[in-house]
Amino acid sequence: MGADATPASEVTLESWANFIVSLAPADSPCVLVGHSLGGAVISRVAELIPERIRTLVYVSAYLLPAGATVAESARGDAESLIAPNMVPVLRGVTCALRDEVVGDTFFGACTREDREFAVERISPQPLKPLVTPLEVSTARFGTVPRAYVETMRDRAVSLSAQRRMLAKLPCAPVFTLDSDHSPFLSQPEALARILISI
């Protein structure tokens, strides 16, 4: 999202995946890192262009089997603050977390400055990517190596939910950070070392 001006009603899991496909180099396999919902996006990209991806890295991300949705996975995570605090913004198009829980959900271990910086940039989430069943196969997505970065103090995708996903779709290596849902802000050096090692 960010600076992307595409209307939320036009944003889909497939449109995000195709955007990344358009950026992936054709001459050298790349490493894709997906955070949170981005995990479903990179899985779909791997289904579309497995030969152009060297490794998928999931950072406190949704690692889903074929046919699963991010929404159902989030609802099944009893330790997460997301499902009980999600409210519609533009009915049928976007949703958001209640303002009073955004900081604790995503940025609980960040400095006050980083937390304020990040919260100011939160925007409503398009619904279609959340409710679209993931289309992946063992013949394509399943051939791409996967790594995972667990976040121990995550209030968005709980550690137990992360580990349940890993039990169904194992990754190697698996790293664990004493971090909230946003280690790129709360543990940037540690996360950078992990990504460089992968």
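Values in this text are rule-based calculations from the coordinates and carry no lab data. Treat the numbers as computed from the prediction; the structure is a model and nothing was measured. Quick reminder, even Gly has a Cβ in these numbers, built from the backbone with ideal geometry, and neighbours come from all protein chains shown.
Couple of notes before you dig in:
- Estimated FRET transfer efficiency (Ser28, Ile122; beta-carbon r; R0 41 Å; 0.05): 0.75
- About its Cα centre, segment 1-124 has a charge dipole of approximately 160 debye under the convention of +1 per Lys or Arg Cβ and -1 per Asp or Glu Cβ, with nothing else charged.
- Label point distance in nm, Thr138-Thr55, each placed 7 Å from Cα along Cα→Cβ: 2.5
- Taking amide H atoms as placed 1.01 Å from N in the peptide plane, the amide H of Arg155 lies under 5 Å from those of His181, each 5 or more residues away in sequence or on another chain.
- Percentage of interatomic Cα-Cα distances in the chain larger than 20 Å: 55
- Computed over neighbours whose Cβ is under 10 Å from that of Met86, the net charge equals +2, Lys and Arg +1, Asp and Glu -1.
- Ser9-Asp114 pseudo-label distance in nm [points 7 Å out on the Cα-to-Cβ vector]: 3.8
- Antiparallel content of DSSP bridges confined to the chain, in %, to 5: 30
- Between Phe175 and Tyr148, Val149, Glu150, the built amide H atoms are under 5 Å apart, and every one of these is 5 or more places off in sequence or on another chain.
- Rg and Dmax of segment 144-195, both derived from C-alpha coordinates alone, stand at 10.8, 29 Å.
- Using 0.36 nm per residue and subtracting the Cα-Cα separation, the extra length available between Arg193 and Val174 on full extension is 5.5 nm.
- In order along segment 61-73, the phi-based Karplus estimate (6.51 cos²θ - 1.76 cosθ + 1.60, θ = phi - 60°) of 3J(HN,Hα) comes to 10, 6, 10, 10, x, 4, x, 7, 10, 4, 4, 5, 5 Hz; Gly and Pro are listed as x.
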